[in-house]
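The values are calculated or read from the model by the stated rules, or taken from the named source; none is laboratory data. Given the structure is predicted, the values throughout are model-derived calculations rather than measurements. Cβ sites come from the backbone with ideal geometry, for glycine too, and all protein chains shown count toward neighbours. Side chains are part of the model used for accessible areas, which takes the heavy atoms of the whole protein and leaves out ligands, DNA and RNA. Shrake-Rupley method; radii C 1.70, N 1.55, O 1.52, S 1.80 Å.
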Amino acid sequence: SSSSLPCNFLRLRFLASPVDLAVDQYRESSLLLSHLSIQNMAENGEEKLLAVARHIAKTLGHNESMADDILQIFSTFDGRFSREKLSEDQPSEDGSGGVAALERALNSLDSQISRFVASDQPIWSDPADSAAFLDSIDELVNLTREWSHASSEKPIGACLSRADDMMQQAMFRIEEEFRSLMDHGAESFPEEDDVDDGEEDCDDSQIPVAQPLTDYDLIIDALSSATINDLHEITKRMLAAGFGKSCSHVYSGSRREFLEESMSRLGLQKLSIEDVHKMQWQELEDEIDRWIKAANVALRILFPSERRLCDRVFFGFSSAADLSFMEVCRGSTIQLLNFADAVAIGSRSPERLFKVLDVFETMRDLMVEFESVFSDQFCLVLRNEAVTIWKRLGEAVRGIFMELENLIRRDPAKAAVPGGGLHPITRYVMNYLRAACRSRQTLEQVFEESNGVPSKDSTLLTVQMSWIMELLESNLEVKSKVYKDPALSYVFLMNNGRYIVQKVRDGELGVLLGEDWIRKHNAKVKQYHMSYQRSSWNKMIGLLKVDNSAAGMNGLGKTMKEKLKEFNMQFDEVCKAHSTWVVFDEQMREELRTSLARLLLPAYGKFIGRFQNLGDIGKNADRYIKYGVEDIEARVNELFKGTTTARK
């Protein structure tokens, strides 16, 4: 009967020698299995059949190896006795059958993985080897997951510990393969030229950089599609095995070197904030130019290219992709931001305005790229830092204008400008403001971001410019007091006022200040003109007026002789002095001469005409008349030519 059959076999095995048992093993197993198979076919109980087969293997086997051989015999006898079904751990009362199956699987995988781990050749040099290696890792990952629920059982836990050791070895080797593909995958690509000036360094040619720059709308493919696919397959295994951080570390380390080399080839140095502050201004200006180029290439070409490459390698693993991208770009981004920050917190000297504006505008224009490229959670710190430094640059611009105000206030009023000419502070401030207003839109943005409150009809920039103009005019008023001759002080104010109006009218500064401002200051210049004329010439004109109440012809003649004598003396003195004064603007100079001629010539002509008609005195008038009308006009036309010093 079926119930007694196993016992009979068991009794026979006790009587047989170990050698006989080994020889008869196959015969016994086959006979038993045939009997069981026929019976179970009738009863249609496959599970019972498998259970009995496992029991037979356990009973007949002296050790685990013999039991395994019996199971192998069963699997070749009947298709229903597959190794997978017979190796299950359910029927083993103590779990030893499951442990054996797990150990057999580990032994098989250990053999495969060890062969690849010990290989001296790159595994990915042979597609068949790389595929087999990946399959082995997949099997090991799946096996570990399948048995993880029983890890608390000591035998299975030991097997899983062994599986972890095998996984460590496999990951160590696949990490080397990953690094090799990263480092050498681009070598099949043509070497890309320098973005900067085309200068090549053969010693530094191992890491490819961007192609010659003609347009920012391009993406660099640093690795071939085949290499990227291989990297992606490795990435999937490393993340599945719990080695995502190692994978990200290797990836970011390799790509970080690429970026650092690219930044270096763009001419950007690794400078600390202290290094930047110690640089001479000319040197810093050159460094700012290189920084602007590097920042544009990095944010518009290099970083987006790295983002795309990272997304392809880590496809399906967005968190790992974001982390890896941040690690790749963080160093280069901080290098760019630190330089901009050093510029922002550096000297507020007015001559630095224009380069600080260049850095501000570059950061402003790249904000879109900062937002799009660094949009994930890991890059939030970099994105926020970029915004902070950009605003800090705006504060620096406003601070520079405050320093300009202080410069105007502190400019001393000690030495007078020769001939009442143009003061250096006027030339400096007006040319400075004109140059600054070429960036009017940027400056308006900078001042609108301050906490100031604009007036009803003016922007904050307009308020700022008006205030600087007011400071300049007040400073010039103080400087005009240095001249002892009031007439010369008016010439000084006239010259500087005319220059200010011209510089305002001919550029963006006029748009800011408006036509009303220009009209008011033109009127102010005319007032200086009238004040000059009144202080220098009105007294002289008064000498040419004849009082008809003078007693008799002789009394009138005597008075006119005295007045003419005084006129000649004053005219000589004024012409001698005023001919050394300077009026830099040719139109204003002609206006002054014309105005004086209209004032002086008719009065003088009338005076000497009357003097010549005074009877006997008039007959000798030539003895007293030093200048004819034409002579007076000629002398007037010699005014305001200035000395060589005054004209500078």
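Brief remarks follow.
- Qualifying residue in the stretch 393-409 (condition: assigned to a helix (DSSP H, G or I), over 30 Å from PRO486 (Cα atoms), under 14 Å from the mean Cα position of the chain (by Cα) and not acidic (Asp, Glu)): yes
- Any hit, the stretch 152-160, residues being open to solvent by 60 Å² or more (accessible area, probe 1.4 Å), modelled with pLDDT under 85 and within 50 Å of the chain's Cα centre (by Cα): no
- Counting only residues that are of a type in the set (Val, Ile, Thr), without any contact (Cβ under 8 Å) to a residue 60 or more places away in the chain and either more than 18 Å from GLN441 (Cα to Cα) or in a loop (DSSP other than H, G, I, E, B) (or both), the stretch 349-392 holds 5 of them.
- Scanning the stretch 410-445 for residues that are within 26 Å of SER458 (Cβ to Cβ) and in contact with a Ser or Thr (Cβ under 9 Å, 6 or more places away or on another chain) yields one hit, GLU444.
- Taking each residue of the stretch 567-589 that is closer than 14 Å to TYR627 by Cα and looking for partners that are of a type outside the set (Phe, Trp, Tyr) and open to solvent by 10 Å² or more (accessible area, probe 1.4 Å) with beta-carbon atoms closer than 6 Å, six or more apart or interchain, yields PHE567/LEU543; ASN568/LYS626; CYS575/ARG635.
- The residues on offer are LEU471, LEU513, LEU493, and the sole one that is open to solvent by less than 80 Å² (accessible area, probe 1.4 Å) and at pLDDT below 95 is LEU513.
- Filter pass, SER332 being part of a helix (DSSP H, G or I), buried (at least 18 other Cβ atoms within 10 Å of the Cβ) and touching an Asp or Glu at 6+ places or on another chain (Cβ under 7 Å): yes
- Residues in the stretch 386-404 that are under 16 Å from ILE273 (Cα atoms) and of a type in the set (Lys, Arg): 1 in all.
Matching residues to (1) hydrophobic (A, V, I, L, M, F, W, C); (2) assigned to a helix (DSSP H, G or I); (3) open to solvent by 30 Å² or more (accessible area, probe 1.4 Å); (4) more than 19 Å from TYR528 (Cβ to Cβ):
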position	(1), (2), (3), (4)
GLY555	no, yes, no, yes
PHE567	yes, yes, no, yes
GLN570	no, yes, no, yes
LYS576	no, yes, yes, yes
PHE584	yes, no, yes, no
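- Failed condition for LEU271, given (1) assigned to a helix (DSSP H, G or I); (2) open to solvent by less than 60 Å² (accessible area, probe 1.4 Å); (3) more than 29 Å from SER180 (Cα to Cα): (1)
- Counting the residues of the stretch 114-150 that are at pLDDT 85 or above and open to solvent by less than 70 Å² (accessible area, probe 1.4 Å) gives 20.
- The set of residues in the stretch 406-430 being within 17 Å of VAL501 (Cα to Cα) and open to solvent by 50 Å² or more (accessible area, probe 1.4 Å) consists of PRO424, ARG427, TYR428.
- All positions within the stretch 410-424 that are assigned to a helix (DSSP H, G or I) and in contact with a helix residue (DSSP H, G or I) (Cβ under 8 Å, 6 or more places away or on another chain): PRO418, GLY419, GLY420
- Scanning the stretch 468-505 for residues that are outside any helix (DSSP H, G or I) and without any contact (Cβ under 8 Å) to a residue 40 or more places away in the chain yields a single hit, LYS484.
- Against the test of being of a type outside the set (Gly, Ala, Ser), open to solvent by 70 Å² or more (accessible area, probe 1.4 Å), at pLDDT below 80 and outside any helix (DSSP H, G or I), the options GLU191, GLU187 yield a single qualifying residue, GLU191.
- Scope the stretch 535-553; condition in a loop (DSSP other than H, G, I, E, B) and at pLDDT 90 or above; matching residues: TRP537
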